[in-house]
Amino acid sequence: MHQVITIDDSTSADRALRLIRRGSTLHWDGDFQNAKQLLAALGRRLPVPSGGTFHDQRRHQTERVRVLNSLLVPIINHQVRLRRAPDVRQACAEAYGPPDGERWVPLRELLGVIGAHQLRIRGVHVPALGDRIHPHYSVFAPTRSEYADLVADCPLPPGTTAFDIGTGTGLLAAILSRRGIRQVVATDNNPRAIACARENLQRLKVNAKVVETDLFPPGRADLIVCNPPWIPAAPATVLDQAVYDQDGRMLRAFLNTVREHLEPGGEVWLILSDLAERLGLRERGELLRMFRSGGLQVTGRADAVPRHRRAREGQTTSLWRLRSTAFVSTIGG
Ligand SMILES: C[S@@+](CC[C@H](N)C(=O)[O-])C[C@H]1O[C@@H](n2cnc3c(N)ncnc32)[C@H](O)[C@@H]1O
């Protein structure tokens, strides 16, 4: 039976785990730093087994997160009412909005909120931009930014207009603009990404327009860039949404309709990791079929070189250069 049980510094990790496994939610009434230690100890008791399919791994991961999220701490108007608790007011305001009274928050989530706030302040240096990007909570952070090198290095097609579809922090729109494209329009369907992109572009003094919409803004462009979420599986949380694309819907919709948004002779740059293929979630042939059924032809491909040794072994991120088959066959005679 589901029960809320108050625990404190005297509760061992083994007992806490037993209580959670019996269906209890644990309210912490002790020292904040000790709560962090308890959470870490719970995490050590819940290893995710290696091997198995992507879906097996994800099931284990989801269960692990469910257990860890059962340890809750009290927040009143964005202040943690516990001994040795940090000041989380700004971090909570960024993630949850204005203070809204009392609530119990999973400690694991709160630590994520604090981490996101620190990353937002510190920013991420992106070599391809020669500048820092400041991600907001739940917006895709370019901590591994090799894909940005691809956008910085690829030869530009002729023309003066570009769309960055699914702009996140605004990074690729900034790179396109700094490369000299005069009119850049960046879109996203996540309001947090829109606010984040506007802030970054303003800070970088980049004159790009940011539009909240599903996929494309009105009009056509000479270059359309898209770095869609890479994993074709259902997002489990709001934090997953920048990385997970249920059944590859965004990718499919993008490829099916992008041709209608291109100026004649325009080019599409699709940035995609082969992670989905490595996880057995999509085959290369399916991607090539999607290009064909969208009336697109591959005119080139560049692969990123991982800078970090810890980059997932062998995972390759590519920039696919695509053009409308109608145009390619016209210029080909
Ligand atoms: C992998 S992130 C890429 C972010 C950024 N372009 C970059 O390269 O750092 C994918 C982005 O696509 C956005 N997105 C997902 N579905 C979308 C849709 N239907 N329309 C517009 N944006 C979408 C997500 O909110 C997310 O910001």
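The values are calculated or read from the model by the stated rules, or taken from the named source; none is laboratory data. Computed from a predicted model, the values in this text were never measured in an experiment. A quick note on method: Cβ atoms are made from the backbone with ideal geometry, for glycine too, and the neighbour counts reach across all protein chains shown. These accessible areas exclude ligands, DNA and RNA; they are computed on the full protein's heavy atoms, side chains included. Shrake-Rupley method; radii C 1.70, N 1.55, O 1.52, S 1.80 Å.
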Does at least one position in the range 262-280 carry a residue that is over 23 Å from ALA162 (Cα atoms), hydroxyl-bearing (Ser, Thr, Tyr) and at pLDDT below 95?
no
Looking at VAL124, VAL105, VAL113, which one is in contact with a Ser or Thr (Cβ under 6 Å, 6 or more places away or on another chain), at pLDDT 95 or above and open to solvent by less than 70 Å² (accessible area, probe 1.4 Å)?
VAL124
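Test of understanding: among SER50, SER70, which residue is out of contact with any Gly (no Cβ under 6 Å at 6 or more places or on another chain) and open to solvent by 70 Å² or more (accessible area, probe 1.4 Å)?
Checking each option against the conditions leaves just SER50.
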Filter the range 223-236 down to the residues that are open to solvent by 30 Å² or more (accessible area, probe 1.4 Å), away from the ligand (no atom under 11 Å from the Cβ) and in contact (Cβ under 8 Å) with a residue 24 or more places away in the chain and list them by number.
ALA236
Would you be able to tell me the number of residues in the range 176-194 that are away from the ligand (no atom under 15 Å from the Cβ) and among the polar types (S, T, N, Q)?
1
Cβ-Cβ below 8 Å, separation at least six or inter-chain, first residue in the range 177-193 and open to solvent by less than 30 Å² (accessible area, probe 1.4 Å), second outside any loop (DSSP other than H, G, I, E, B) and modelled with pLDDT under 95: which pairs?
ALA193/ALA242
Considering only the range 258-268, I want to know if a residue exists there that is part of a helix (DSSP H, G or I), more than 15 Å from the chain's Cα centre (by Cα), of a type in the set (Val, Ile, Thr) and more than 11 Å from the ligand (Cβ to nearest atom).
yes
I'd like to verify a number: residues in the range 55-84 that are in contact (Cβ under 8 Å) with a residue 12 or more places away in the chain and within 20 Å of GLY97 (Cα to Cα), how many?
8
Being at pLDDT 95 or above, more than 8 Å from the ligand (Cβ to nearest atom) and open to solvent by 10 Å² or more (accessible area, probe 1.4 Å) narrows it down to one residue among ALA197, ALA152; which is it?
ALA152
Scanning the range 127-143 residue by residue, those open to solvent by 50 Å² or more (accessible area, probe 1.4 Å) and farther than 24 Å from LEU223 by Cα turn out to be ARG132, THR143
Test for LEU239: is it under 29 Å from GLY314 (Cα atoms) and open to solvent by 10 Å² or more (accessible area, probe 1.4 Å)
yes
Expected single match for out of contact with any Ser or Thr (no Cβ under 8 Å at 6 or more places or on another chain), of a type outside the set (D, E, K, R) and assigned to a helix (DSSP H, G or I) among ALA40, ALA85 is ALA40
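Could you list, in sequence order, the residues of the range 104-128 that are assigned to a helix (DSSP H, G or I) and β-branched (Val, Ile, Thr)? Can you show your working first?
Keep residues of the range 104-128 that are assigned to a helix (DSSP H, G or I), which gives 107-122.
Passing the criteria: VAL113, ILE114, ILE121.
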Within the range 68-76, is even one residue within 30 Å of ALA276 (Cα to Cα) and not in a helix (DSSP H, G or I)?
yes
Report, by residue number, each residue of the range 214-250 that is basic (Lys, Arg) and either in a strand (DSSP E or B) or in contact with a strand residue (DSSP E or B) (Cβ under 7 Å, 6 or more places away or on another chain) (or both).
ARG220
Out of all the residues in the range 25-35, is one or more open to solvent by 90 Å² or more (accessible area, probe 1.4 Å), over 15 Å from PRO106 (Cβ atoms) and within 33 Å of the chain's Cα centre (by Cα)?
no
Kindly indicate whether THR53 is polar (S, T, N, Q), under 18 Å from GLY112 (Cα atoms) and under 26 Å from the mean Cα position of the chain (by Cα).
no
Residue under question is ARG144, and the condition is that it be within 11 Å of the ligand (Cβ to nearest atom) and within 21 Å of ARG120 (Cα to Cα); does it hold?
yes
